[in-house]
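See structure below.
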Amino acid sequence: MKQTSIALGTLLALLYSLITVADSSLGVTEAWIREAPPGADVLAAYMVIANRDVDTVTITTISSPDFERVEVHRTLVEDGVARMVPVESLQITAAGRVVLEPGGMHLMLFSPRRQLRAGNSVALDLQQSDSASIRVNVPVVKINAADGDDDSHHHQHH
Amino acid sequence: MTTQRISSILRLGLLFAVTTVLALAAGYWTSGFLLNRQADLSDLQATHFREARALQPFELVDHTGKAFTNNALMGHWSFIFFGYTHCPDVCPTTLSVLNSVATRLRDQADPVRYIFISVDPERDTPDKMGQFVSYFNADFIGVTGTTEAISQLTQQLGVIAARVDDAVDAENYLVDHTASILLIDPDGRFHALFSPPLKAEDIAADFIRIAQVY
């Protein structure tokens, strides 16, 4: 009982922290930033962005007060070679969603303005082409497979 | 008397011939069995080379500043991954997979080492490589070197590394690179290749089978 209420509280806190702008038709879930080794200049962020609108939503720019620059990239493995292909804009079709995940599409966060450790939270601003924008607060998470496989999904909520 | 002698010689000869044929057959059967054991490796996820390839001499530097040469690959198995520390998606994911492989192979009798070699020596100093690898596992080895020395090694291993310059931000360029993990045998030869998608479970299972028939 006590555990349930703690879980519920965490869930509510996550929901509140993840979606802070109500007028956007976008919903962001399963957002996390991979904690990087000390001194790393580039970090990666992952999330699922869902569109609740009947129109396609285009995200043109993403920025963060904690980073110099944010880009969307897609990892492509062709003939065993991994390439990073910049994605100019993210289009989320009506009632559709895009998944940003390890080995696929991801946000590249360049030049952190502060040292980020697991447990920290980073604000990301997703700017839409219709001038609406959404701010998401994304937790920094340490992922190392042997510590517990796939704990990347522990921020999932329904 | 003489005919009896001749017939006994013939009989001996026949016995010798039969024994030889039996021995040959036994040898053939045994070698066939051994070859089958080798051929069994064809169902691995990994690409297991028919003949391991010896490496030309190379000289790099490990994250403690010590020389890293062919000798550093002798006497133990080595998993090698080529990447760079400014790589936020593929490289941390792969090192994390290797950490999981290391956990799974912890109790193996065969000694195994895990080596991360930079394809971006301009930015990856030994210190930076040390910080990066030890974040994933304190026993992992980071290796860097001169651009020439690294390309000399990547070329003979068929590893591709290509810098992609960024027009907006010259300092934060990316490097396309081979996403596979290489396996070097205890004689320092390129023995097998694990290609993406990389799963720790499969890599560890394949390695155990490869090491068994080595």
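Assessment of the range B:56-76 against the conditions (under 22 Å from A:Arg34 (Cα atoms) and either open to solvent by less than 30 Å² (accessible area, probe 1.4 Å) or part of a helix (DSSP H, G or I) (or both)) yields no matching residue. Screening the candidates B:Val164, B:Val133 for the property of being within 30 Å of B:Ser100 (Cβ to Cβ) and buried (at least 21 other Cβ atoms within 10 Å of the Cβ) yields one hit, B:Val133. Note on the range A:24-45: among residues that are open to solvent by 30 Å² or more (accessible area, probe 1.4 Å) and modelled with pLDDT of 95 or more, the one that is nearest to A:Val140 (Cα to Cα) is A:Glu30. Which residues, counting only those in the range A:92-118, are under 15 Å from the mean Cα position of the chain (by Cα) and more than 13 Å from every other protein chain (Cβ to nearest Cβ)? The answer is A:Ile92, A:Arg97, A:Val98, A:Val99. Could you please give the count of residues in the range A:80-117 that are touching a strand residue (DSSP E or B) at 6+ places or on another chain (Cβ under 9 Å), over 24 Å from A:Asp53 (Cβ atoms) and open to solvent by 50 Å² or more (accessible area, probe 1.4 Å)? Qualifying residue count, the range A:80-117: 5.
Entry remark, the range B:96-106: residues being surrounded by fewer than 22 Cβ atoms within 10 Å (Cβ to Cβ) and more than 8 Å from every other protein chain (Cβ to nearest Cβ) number 3 in total.
Closer than 29 Å to A:Leu76 by Cβ and either buried (at least 16 other Cβ atoms within 10 Å of the Cβ) or within 14 Å of chain A (Cβ to nearest Cβ) (or both), is that true of B:Gly83? Yes. Of all residues in the range A:46-70, exactly one satisfies the criterion of being charged (D, E, K, R) and open to solvent by less than 40 Å² (accessible area, probe 1.4 Å), namely A:Asp66. Is at least one residue of the range A:76-84 within 15 Å of the chain's Cα centre (by Cα) and either touching a residue at least 24 places away in the same chain (Cβ under 8 Å) or within 12 Å of another protein chain (Cβ to nearest Cβ) (or both)? No. Checked against (1) within 28 Å of B:Asp127 (Cβ to Cβ); (2) exposed (fewer than 15 other Cβ atoms within 10 Å of the Cβ), B:Asp43 meets all criteria but (1).
Being at pLDDT below 95 and assigned to a helix (DSSP H, G or I) is a property that does not hold for B:Phe49. Of all the numbered requirements in (1) of a type outside the set (Gly, Ala, Ser); (2) away from every other protein chain (no Cβ under 13 Å); (3) free of Cβ contacts under 8 Å to residues at least 12 places away in the same chain, B:Asp89 misses one, and that requirement is (2).
Put simply, of B:Ala161, B:Ala192, B:Ala167 the only residue that is under 16 Å from B:Phe79 (Cα atoms) and assigned by TED's automatic domain parsing to the domain that holds B:Pro111 is B:Ala192. The set of residues in the range A:119-136 that are open to solvent by 30 Å² or more (accessible area, probe 1.4 Å) and either among the charged types (D, E, K, R) or within 14 Å of another protein chain (Cβ to nearest Cβ) (or both) comprises A:Asp125, A:Asp130, A:Arg135.
The values are calculated or read from the model by the stated rules, or taken from the named source; none is laboratory data. Note that the structure is a prediction, hence the values are computed from the model and not measured. Glycine gets a Cβ as well: all are built from the backbone with ideal geometry, and neighbour counts include every protein chain shown. We work out accessible area using only protein heavy atoms, side chains counted, and drop any ligands, DNA or RNA first. Shrake-Rupley method; radii C 1.70, N 1.55, O 1.52, S 1.80 Å.
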